[in-house]
Structure formats: C-alpha cells, structure tokens
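The values are calculated or read from the model by the stated rules, or taken from the named source; none is laboratory data. Just so you know, these numbers come straight off a predicted model, no measurement behind them. As a convention, Cβ positions derive from the backbone with ideal geometry for all residues, glycine included, and neighbour counts pool all protein chains shown. Quick note on the areas: whole protein, heavy atoms, side chains included, nothing else; ligands and nucleic acids left out. Shrake-Rupley method; radii C 1.70, N 1.55, O 1.52, S 1.80 Å.
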Amino acid sequence: MDIWALLIIPLVVSVFIALVARKNEELSSYVSIGAVITGFFIVLPYVLKLPGDPNMHPIEQAFTWIDIPGLKVEMGTLIDPLSIIMLFIVTFVGSLIHIYSRGYMHGDPGYSRFFACLSLFIFAMLGIVLSNNLIMIYIFWELVGLASYLLIGYYYEKPSAADAAKKAFLVNRIGDFGFILGIFVIFYATGTFNFIEIEQHIAAGHVSSGTLTLAALLIFCGAVGKSAQFPLHVWLPDAMEGPTPVSALIHAATMVAAGVYMLARTSFLYAAAPDAMVVVAYIGGFTALMAALMALGQKDIKRIIAFSTLSSLGYMVLAIGVGGTGAGMFYLATHAFFKALLFLGAGSVIHACHSNDIWEMGRLYPKMKATAVTFILGSLAMVGMFPFSGFWSKDEILSATFESGNYFLFAMGVLTAFITAVFMSKLVAVTFFGEKKYHGHPHESPYVMTVPLMILAVFAVIAGFAGFPGLEPNFGSFIHTAASGLLEHGGRGVHAEHRFNFMVASLSTVVVLGGLVLGWTIYSRKGMKSDVMEEALPFTYKLLENRFYIDHIYDTYLVGWLYNGMARILNYIEVNIIINFVINGMAYFTRQTGKGLRLTTTGQLQNYAFVMVGGVLVLMIIFAAIF
C-alpha cells in the first residue's frame, strides 16, 4: 500500500495547490516539498534492503482496469532492483531540486503554479518507474510530456518559451507514435501488456525474430524522443527556456532518463532482437559525439550543460545497445547527481550575474566560492576524472563497448570523452577564473540554494564507489539482476559482465586529462574577449554554434516545404473542392431550386387552375403517345 501512496501523494498535492493553495505561496512550496520528501522516505527502506538482498524477487501489485473479450489491461506496480534505484534517484534528486526552487523562484508571480507543475511532473515520473505493463507506462509517459510542456513554457508570456514548449511536446509526439505502434505489435504477438508475461512468451519462443526486431525498433522510437536521441534531439537544448530548476529536473534524473529506463525495463526484448540492438548502439554513439561537438560552439552556460546531457544520454543508449544495461543504468544514476549539480550551479551563477552568456561573467570564484567549488566537482565528475563518480560509470560503458567488439563505437566514445573535457574546462575557466566581465555586484546564493549544491557535490564525488570493483554486492549486481530478466535472476549472459577494465580506464583517464589540459591552456589565457575557436575556425565554430544546421534543415524542408506544402495542398482541397464546390455548390443548387419552386406558389386561383389544366394536357399527350 505504501507504493500506491508514493504514487498518489504528489498528484493530490498538485491538485491541492492548483485548487486550494494557489494564493498561498508558502503553503504551496511546503506541501510540494513535503510530498517529494515523503516519497523519498517511502523508498528509502527498499534501498537499504537491497545490499542484503540483491537478487530480490520482483514484487507486483495490480488490479484490473479494463476487462473485455480479447483485451485485459491492468493498473499495477512492479518493484525490483531496477525500479528501486530509479525511485531513489527521482525522489532524492527531486527533493533537492524542490528545496533549491524555494530560493530560486522566490518572488516569482507564478510561484504556486510552478510547484503545482513540479508535483505533477514527479507524479508522472514515478508512474513510469512503477508501471508493470506497457499501457500504464505509456499513460504516464504522456503525462510526463504534458508536465514538461507546462514547465518548459512556464514563462509563457515569452514567445521563445512558448515555442520551446510546443517544440518539445510535438517532437516527443513523433517518437511516441512509434512507441504506441510498438506496444500494439507486442500485444498482437503475445496477447498481453504485462512485462513479466511478455518476457515469458519471448523466453518460450512464441514470438518470431522479425516481430521482435520490429517491436524493439518501434519501442525505441519512444526513447529516441523522450531521451532526445538523433534525429529527435532538437527539443532538448530549447528546453532551457524554462526556469533553471526545471532544466535540472528534466535533464538530470527524470524526463530524459525515462527513455533509458524504459529501454532497461524492456532489455529482455532487445536481448532477443540483436539487429535492433545494433541500431540502438549506433544511434547512441552518434548522438554522444554529435552533442559533444555542438557544445564546443555554445556560449550560453545552460545550453553547454544541455548539450553535455545529450552526449551523456547517448552514452547510456550506447551502453544498452552493446548489452551493457547495467553500465548504462549505473551511469544514469551517477549522471543524475552531477548533472543536477551542474544545472543548479548554473542557476546560482545566473541568479547572481543576471546573464546566461559565459563571456559576460568571469572571475566569479572569489565572489561565489561555494557555487564555484561544487560546480568544479560536478564538472570533474562529468568528464569522468578519477576518482569521481563519472569515472567509474563512464568506464563501465566504455568497457562494455570495447568488450563487445564494437571498436568503432569504442573510439567514438573515447573521442567524446576528450571533447567533453575540453568544453567543460572552457566552461569552468571562463566562468569562474576568466577576465572579469560581469556587471553589478554578484554574490553567493542563499543557503536554501547552496546546501542542495553541497549535498549533490558529495554524491557526485562518492556515488561511483557503489560500483567499485571487488565490492560485493555492488551497484552492478543490483542492476544486472533486473537487466538480465525479471524471471531469471542471474541472467542469460546477454549483458556485459560488470567488471573493471584497467586498460580502458587508463586510456580514458589519459584522454580526459589531455582534454582538460588543452581546454584550460586555451581558455585560461588573460585578455580573451571571445572564443578562440570563433576567431581561428570561424566556419567550424558557426557550424557547431548552429548545431550543424539540423534545426534549420527541419524548419526549411520538413516544416517549410513538406509540412507547409501539404498544408497548402489540403487547404486548397478544402476551400476550393470541399467548401466551394461540394458544400457551397449544394447550397447554391438548393437555393436556386427553392427560387424556382417559389414561383409556383402565388396564392391566385387562376394560376393553380392553369397549372392543373396544363398537367392534364401533358398526361393526355403521354397517354396518347404510349397507346
């Protein structure tokens, strides 16, 4: 029953704020924060129980929602190591973001509305994590899309924010269309939506390989949209139009992680569809490298971190594609801490400088030491520097890729790590140690904002040791239990073994160090007015700054030519054929017929007698002609 309470409490709070407490800002924030913290304490006993029972049997609770001939749909929850780890991340990081928001959003006219939307978002995300079947996960999947639309477009009076919200919503609908088709294919093949029952059918060989591949690729479309993989990645950078806590919530532990979690939850499907896994791996690897390159050409502090999120998500998807589901989920967990830290740290800087442009900041370290130190720790975790959390989790992904024999993808992963180190060192050097360019008097943020930064910084440093080699049981054993199948604890050998690869770790460390040294050498020089790359390689910089013009291509060809072209054709058909010819034509015919018939009704007896005599004459002529 406590699990259902975990799901219901944030929904009740969201409705309560919207209908009752919206004019009481203090009450709204406190009940919203209280709801997510309550959820954390509900999840905590399950988390503490994991080390003693890493092979725990899945706990499923469900009730029948729809039961008609040929269709049975349940609403239910599934608790296993995979969902417990995800629940911990969502509630813990979500709690810190809620607390931080009290300080960041203070004085905003939509304060209560903001917390109502936050609670709705947490409700939807918890629903995804707890779902025991595909229909339920799809319902909450769409609710997350709605909540993210409300949060990204929070400043709806700004055209850019309204456009970004619509863009996120519509782009995700494209991926979600493929997702729902994949669900239909699975139901057609197995007759059920339940994860455990689907796995039973697949394990028994009841589903053909072609059907499995088709279903896996279609379901992957949902992850491509929600986790912003190429070619549906374009919505994520624009989502920065929302308040900074929203950026942290969407980009760290929740919305974008939903796609990766869904892939991990259905990993038994991908294990049975190796062709689909190849597609997943290459989409992930390409997205990781592409986003890292794009980050090199950005000036906005939040956009740089947003592109690093894109790159990290590519790493996670790559891991699942090469069979390292445990490695991907491990990285998802550590990424939640250091990426939330980076976004909240960026919010602290923006709060102080009233600008997003890193070239309008500089030498903030003496003014904001707590923010600077925590941000640097998060950056070192982000690039995968030893011994920070990102080192252990990123090493697992690179090791899984290398040991799977995908050496080209491994090279892409290593190159991505190098580029990440360059742009993160640029971000730190210019913002905190570069030449002073800010206006006004920036100062450290209040404790309600800096304390969450410090807590996240601790986890960004130490969380990786949960996967320390030789530690039993470690994070890998938790995740591999679930990733290897809900039914067979111990696995089927399709997922990469969780072990430390010294050669890969050494190579990645050298590469990251090289990137840090290069980035620091370039961007810590005195007297820099703008990006060195912009001056030395203007064409390349412009290409990266404009995201390889992918958005421009979409706007010009897909929207401008295809979408608007089809709209013009359909508009022509509607106006000239359907409305003018069919509807207006029938109306004209009816009107003219009425005018003619109206002449027969004069009210004069002699006219009626004339018509009657004429009619008799006509009938006589016809009769004579026939006989």
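Observations on the model:
- Any hit, region 67-74, residues being part of a strand (DSSP E or B), closer than 19 Å to Leu126 by Cβ, open to solvent by 60 Å² or more (accessible area, probe 1.4 Å) and not aromatic (Phe, Trp, Tyr): no
- Search result, residues across region 84-119 that are among the small types (Gly, Ala, Ser), modelled with pLDDT under 90 and in a helix (DSSP H, G or I): Gly103
- Pro51 fulfils the conditions (1) touching a residue at least 60 places away in the same chain (Cβ under 8 Å); (2) under 20 Å from Leu332 (Cβ atoms); (3) open to solvent by 40 Å² or more (accessible area, probe 1.4 Å); (4) assigned to a helix (DSSP H, G or I) except for a single criterion, (4).
- Pair list, Cβ < 7 Å and 6+ apart or interchain, from region 11-36 residues that are open to solvent by 70 Å² or more (accessible area, probe 1.4 Å) to residues that are among the aromatic types (Phe, Trp, Tyr) and modelled with pLDDT of 90 or more: Glu25/Tyr111
- Among the residues of region 182-229, those that are part of a loop (DSSP other than H, G, I, E, B) and open to solvent by 10 Å² or more (accessible area, probe 1.4 Å) comprise Gly191, Thr192, Phe193, Ala204, Gly205, His206, Val207, Ser208.
- Among the residues of region 163-181, the ones that are surrounded by fewer than 17 Cβ atoms within 10 Å (Cβ to Cβ), within 18 Å of Ile137 (Cβ to Cβ) and not hydrophobic (A, V, I, L, M, F, W, C) come to 1 in all.
- Cβ-Cβ contacts under 8 Å between residues 6 or more apart (or on different chains), taken from a first residue in region 441-460 that is under 22 Å from Ser355 (Cβ atoms) to a second residue that is open to solvent by 10 Å² or more (accessible area, probe 1.4 Å) and not in a helix (DSSP H, G or I), are listed as Pro442/Lys367; His443/Lys367; Glu444/Lys367; Thr450/Glu444.
- The requirement of being farther than 17 Å from Pro245 by Cβ, of a type outside the set (Gly, Ala, Ser) and either part of a helix (DSSP H, G or I) or open to solvent by 10 Å² or more (accessible area, probe 1.4 Å) (or both) is fulfilled somewhere in region 143-155, by at least one residue.
- Of the listed requirements (1) open to solvent by 10 Å² or more (accessible area, probe 1.4 Å); (2) farther than 18 Å from Trp141 by Cα; (3) under 14 Å from the mean Cα position of the chain (by Cα), Ala248 misses just one: (1).
- Residue in region 1-24 that is at pLDDT below 90, within 23 Å of Arg265 (Cβ to Cβ), touching a helix residue (DSSP H, G or I) at 6+ places or on another chain (Cβ under 6 Å) and not in a loop (DSSP other than H, G, I, E, B) present: yes
- Scanning region 508-517 for residues that are crowded, with 16+ Cβ neighbours inside 10 Å and in contact with a Phe, Trp or Tyr (Cβ under 9 Å, 6 or more places away or on another chain), we see that the one that is nearest to Phe410 (Cα to Cα) is Ser508.
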